Amino acid sequence: MSDHSTTSEWYKNPAEREVLKTDLLTLNMGPQHPATHGVLRVEIKTDSEIVVEAIPHIGYLHRCMEKHCEGLDYRGIIPYTDRMDYLGAMGMEWGYALTLEKMLGTEVPQRAEYIRVLVAELQRIASHLMFFGTYAIDLGAFSPFLYAFQDRETILRIFEELSGARLLYNYIWIGGVWNDITDGQLRRITKFCEEMSESLKKYHALVGENHIFVGRTANVGMMSKELCFDHGATGPILRGSGVNWDLRKNRTYGLYKDLDFDIIVGEGIKGQVGDCWDRYWVRMQEMHESIKIIKQCLDGIEEGPIIGKVPKVIKIPEGEIYMRTECPRGELGYHLISNGGKTPYRLKVKSSCFTHVGLLPEVAKGQMIADFVATIGSIDIVLGEVDR
Amino acid sequence: MHNELAQLINSNVSGSNAEHVARENGDDVLFISSEHILRVCTFLKSAQGYEFNVLQVVTGCDYTDRIEVSYILASFINNLELILKTKLLKENKDHTPELESVCSVWEAANYQERECFDMLGVCFKNHPDPRRILCPDDWEGYPLRKDYVPAEKYNGMVINPEHKINREEIFFGEKLKREAVDPKKISYSWKKPEYFPDGVPESTESE
């Protein structure tokens, strides 16, 4: 492959570095910067083009959602969970609903389970499409973004019809879902899936195989298995580093145990295992798997009720629980402590993006600034989830 | 799993007082004494048959007399999950109890402990970067404590000035009730008297 490497040769050699020593320049990237995907500020200390130290500053979008939750009833929290990861809101709601259902022992009707998997996987596609588009923009290609948004729009239209909102749905409720899905919508999803599996191949050929794109991402921002475990990275980042781990298989929930799909693991096709290209590739392939899951759901879905028996006023019995689900960006965990009241005593959200920001300083050391932008993009953070 | 693990910890880390607390609902919890948290975590990371190689969460929960800090560990090798807890006594409102940092065991603890300090005021000894993380550096108080009083001013700026509060939104439920065919179906349960210390104000909307 190309001899392009993240760290310049002269930088690796301390003696040469001493000769060329200049003062470090502090550079602020963000909070208003298109490449930081939101209000992330990274304080970079640079030695010419090389990042010596990167310090992420977060909290610009902090709303103390956990404190708000302590004053809300259990149903009222669902819209707040949407506002964490606004690009993958269905996953956020589902995780929360599962946490409460496990505590309450509620049974979810079969149709609702199917709809939940359906919307969660559609959401995964929408979120990964967003990644695909914005990542290409970060690296200088504008047109893939337009293609990605066109397809994402189809999904958002379906969600809008289902829930009345395009991004923040409040759709998955405790014990089921809010609104039933019609046959017409199911047919549209079928059609969308067929078109999508074709266009995904095209998109990959357009971006993933592009020589410039490969040059910018292969062998850049390497994250080893050990680094990922040490920092607690999950989701596509962990899988991109060659670890076969997906909660949908390993700690299965919902209907996933009956569905047939594969876990995509980074193989280092263009460079080494765990580079930016691998993370990109994992997400692209995951969309194919999602389509596979959706097709099985479309075959299996049957008529029936969409919401189970839930008490009118929800009171969670005393105790605590930690529940993890696989969201588009990684593992989402809810740690709920209840004292038997109508509101949670403490609700802690473990967000994957928060952990991934912690990874940045480690990866950034010795990178070129342009490669650092590629690394931030490949991590695919949503600041709403980082700051909560 | 918890009982065996508690015995294993007790026999390997003396004085840790690992205690299995079974819960009727949800997950079981393992309590240990706070002085030995670093040694227990080091042990758990390499314990035969468990190998908790990932630290998921460090968080706390404030009870008026104490703060319970929870460490949620996961093993991606053996597919296990453990809630490890420790109690810290809180002497008064401003007391910040101390605890050993586990950053040397898992790097992930760095950000998690910073968040725990920021939100609950638990000081972690030997932490490489003990700053606030979500709130500004000069913020006062620890928001997730139960006795936290929301600040009125920050650096001379009024927080939530009166003219910026959207009253129309607050009385949205009232409006719904007036206009609904069956007012009983509208509950707006979020509207509680404790949000209005001077009594629930009248609607400012013109009729």
Item checked: On Cα atoms only, tilt of B:109-120 relative to the major axis of chain B in degrees -> 40
Next item on the list: Name the helices (complete DSSP H segments) of chain A with a Cα length along the long axis of 20 Å or more and a Kyte-Doolittle mean of at least -0.5, or state none.
Entry: A:89-104, A:110-138, A:143-163
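Note the buried accessible area between A and B here, summed over both chains, with a 1.4 Å probe, in Å² to the nearest 100. Display every interim value, and only then the final one.
Working: alone 16300 and 13250 Å², together 25710 Å².
Using a 1.4 Å probe, the pair buries roughly 3800 Å².
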Item checked: Sequence of A:Trp178, A:Trp173, A:Trp245, A:Trp281 from largest to smallest accessible area, 1.4 Å probe -> A:Trp178, A:Trp173, A:Trp281, A:Trp245
Check: Leaving out ligands, DNA and RNA, what percent of the accessible area of the stretch A:260-307 is carbon and sulfur, probe 1.4 Å?
Finding: 46
Margin query: Rg/Rh for chain B to two decimals, with Rh computed the Kirkwood way over all alpha-carbon pairs.
Written below: 1.12
Checklist line | Residue (of A:Cys193, A:Thr154, A:Leu98) at the positive-pole extreme of the stretch A:74-314, dipole from beta-carbon charges | finding: A:Leu98
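Quick check on packing: order A:354-366, A:78-90 by the mean number of other C-beta atoms within 10 Å, highest mean leading.
Numbers: A:354-366: 21.2, A:78-90: 22.8.
Put in order of decreasing packing, that is A:78-90, A:354-366.
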Check: From the backbone phi of the stretch B:79-85, what are the Karplus-calculated ³J(HN,Hα) couplings (6.51 cos²θ - 1.76 cosθ + 1.60, θ = phi - 60°) in whole Hz, Gly and Pro given as x?
Finding: 6, 10, 9, 9, 9, 9, 10
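Which whole number gives the average count of other chain Cβ atoms within 10 Å of the Cβ atoms across peptide A:343-356? Kindly include the intermediate steps, with their values, before the conclusion.
Numbers: counts 0, 0, 4, 10, 1, 11, 2, 6, 1, 1, 0, 7, 8, 1.
Mean number of neighbouring Cβ atoms from other chains: 4.
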Notebook entry, point to check: If you bin every alpha carbon distance in the protein assembly as shown into 10 Å steps from zero, what whole percent lands in each bin?
Noted result: 3, 16, 26, 27, 19, 8, 1, 0, 0
Notebook entry, point to check: Using a Gaussian network model of chain A with C-alpha springs under 10 Å, which one of A:Gln185, A:Gln285, A:Gln123 is most mobile by mean-square fluctuation?
Noted result: A:Gln185
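Accessible area per residue of the protein assembly as shown at 1.4 Å probe, in Å²? Don't jump to the answer; show the numbers that get you there.
Numbers: 25710 Å² over 595 residues.
It amounts to 43 Å² per residue over the protein assembly as shown.
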Note to self: I'd like the residues of the stretch B:73-107 whose 1.4 Å-probe accessible area shrinks by no less than 20 Å² going from the isolated chain to the full set of protein chains.
What the structure shows: B:Phe76, B:Asn79, B:Glu81, B:Ile83, B:Lys85, B:Glu107
Notebook entry, point to check: What percent does the relative contact order of chain A come to when contacts are Cα pairs within less than 8 Å and at least six residues apart?
Noted result: 27
Note to self: How large is the accessible surface of B:Tyr148 in square angstrom, using a 1.4 angstrom probe and rounding to the nearest 10?
What the structure shows: 50
Check: In the stretch A:209-259, what percent of the accessible surface is made up of carbon and sulfur (1.4 Å probe, ligands and nucleic acids excluded)?
Finding: 51
Next item on the list: Mind checking which of A:Ile314, A:Leu332, A:Phe372 is farthest towards the positive end of the stretch A:310-388's charge dipole, using Cβ charges of +1 (Lys, Arg) and -1 (Asp, Glu) about the Cα centre?
Entry: A:Ile314
Notebook entry, point to check: Between the stretch A:148-182 and the stretch B:71-109, what is the C-alpha centre distance in whole Å?
Noted result: 38
Note to self: From the convex hull of the Cα coordinates of the stretch A:270-388, what is the mean projected area in square nanometres?
What the structure shows: 11.3
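The values are calculated or read from the model by the stated rules, or taken from the named source; none is laboratory data. Since this is a predicted model, take the numbers as computed values, not measurements. Heads up, the Cβs are rebuilt from the backbone with ideal geometry, glycines too, and the neighbour counts pull from every protein chain shown. Remember, those area values only see protein heavy atoms, side chains included, never the ligands or the DNA or RNA. Shrake-Rupley method; radii C 1.70, N 1.55, O 1.52, S 1.80 Å.
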